[in-house]
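All remarks here apply to the structure that follows.
The values are calculated or read from the model by the stated rules, or taken from the named source; none is laboratory data. The shown structure was predicted, so the numbers you read here are calculated from the model rather than taken from an experiment. Backbone-built Cβ (ideal geometry, glycine too); neighbour counts: all protein chains shown.
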């Protein structure tokens, strides 16, 4: 039975319209990315760039979003961009398209790195990185790096810029800190193998990287001389939202692993509160479009697994969140490690920035 949406429509009234906003979102064919797109359309963003790997689901989602534009009376312009986060070359080409489109609108205001993938088998990307680290974190790092000229253009035109990563509640469900091993190239099967627990830990490491990077980026923007009242690094977490994450991620897994993954998810469903994908999308939509958002903010549901958006961290410091949940992301060593390993793998983040 589908979970009832409780908060989405009411939360729309709390966020101002954004007719000057140009927003790009990864992973918009279903789940939180699709509903964040609906939210952006209802807030009448000027342009919405949808970044997805090529599949029949893209056309289906775009058709639904076009209907949403018509029914809501929005003037949002949709742009679809092919972006396979498993492929570095695809991400670079997608960034080129983002920059070309954003130039016509005076820059890119918001990049919402929403797409997620996992848990999956212990496989590698073409470059030899854990496939979950590549998709969930490294490719989003690369995308943000290559579209930075569009951030600079937006700033030059007097617009505010937000760069938002999407983490997960699994980030704190282990005693392990951020570990260098998961950032390095390695042979398939050497990061724990194909068991569900090992797959979940690789997924956790990739999602912990998303928030440690977001917090470190907030600091680095200031060090580079950017006004962090105008350009902000943010993070969000959807809580335990009912999405197709596991179904979409495990297609290439063995039948045994698929079944075990479903059992694990079912156990979590019985033990934890859940919310709809629409309600789960509110945190990333809020981080992207709400007022009173500060550099270093981390938005998650106010009841942790479910609820309306609240600041777990404000300006990189504990706010509504629990210390035991955020100890790994707030650890300066973990933040520095993530930054160092990212630049080691894919170069200076500010390579294409003006500062």
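Of all residues in the range 135-167, those being surrounded by fewer than 24 Cβ atoms within 10 Å (Cβ to Cβ) and either closer than 23 Å to residue 242 by Cα or without any contact (Cβ under 8 Å) to a residue 12 or more places away in the chain (or both) number 1.
Total residues in the range 1-16 satisfying the condition of being touching a residue at least 24 places away in the same chain (Cβ under 8 Å) and in a helix (DSSP H, G or I): the figure is 3. Within the range 17-37, the residues that satisfy the criterion of being within 14 Å of residue 62 (Cα to Cα), in contact (Cβ under 8 Å) with a residue 40 or more places away in the chain, in contact with a helix residue (DSSP H, G or I) (Cβ under 6 Å, 6 or more places away or on another chain) and assigned to a loop (DSSP other than H, G, I, E, B) are 27, 28. For residue 275, state whether it is at pLDDT below 80 and within 16 Å of residue 169 (Cα to Cα). No; evaluated as a whole, the condition is false for this residue.
Residue pairs whose Cβ atoms lie under 9 Å apart, separated by 6 or more positions or on different chains, with the first residue in the range 79-93 and at negative phi and in a helix (DSSP H, G or I) and the second surrounded by fewer than 18 Cβ atoms within 10 Å (Cβ to Cβ) and modelled with pLDDT of 95 or more, are 88/126; 88/127; 89/126; 90/82; 93/82. Of the set (1) in a loop (DSSP other than H, G, I, E, B); (2) surrounded by fewer than 24 Cβ atoms within 10 Å (Cβ to Cβ), all apply to residue 201 but (1).
For the range 220-253, residues that are assigned to a helix (DSSP H, G or I), modelled with pLDDT under 95 and either surrounded by 15 or more Cβ atoms within 10 Å (Cβ to Cβ) or in contact with a strand residue (DSSP E or B) (Cβ under 8 Å, 6 or more places away or on another chain) (or both) total 4. Of everything in the range 284-304 that's within 16 Å of residue 8 (Cα to Cα) and either without any contact (Cβ under 8 Å) to a residue 60 or more places away in the chain or over 17 Å from the mean Cα position of the chain (by Cα) (or both), which residue is surrounded by the fewest Cβ atoms within 10 Å (Cβ to Cβ)? Step by step, filter the range 284-304, then rank; the result is 303. If you go through the range 306-335 and keep only what is assigned to a loop (DSSP other than H, G, I, E, B) and surrounded by fewer than 17 Cβ atoms within 10 Å (Cβ to Cβ), you end up with 315, 319, 320, 322, 331. Scanning the range 148-177 for residues that are part of a loop (DSSP other than H, G, I, E, B) and farther than 18 Å from residue 118 by Cα returns 157, 158, 159, 160, 175, 176, 177. In the range 120-130 there is no residue matching the filter, namely being modelled with pLDDT of 95 or more, assigned to a helix (DSSP H, G or I) and touching a helix residue (DSSP H, G or I) at 6+ places or on another chain (Cβ under 8 Å).
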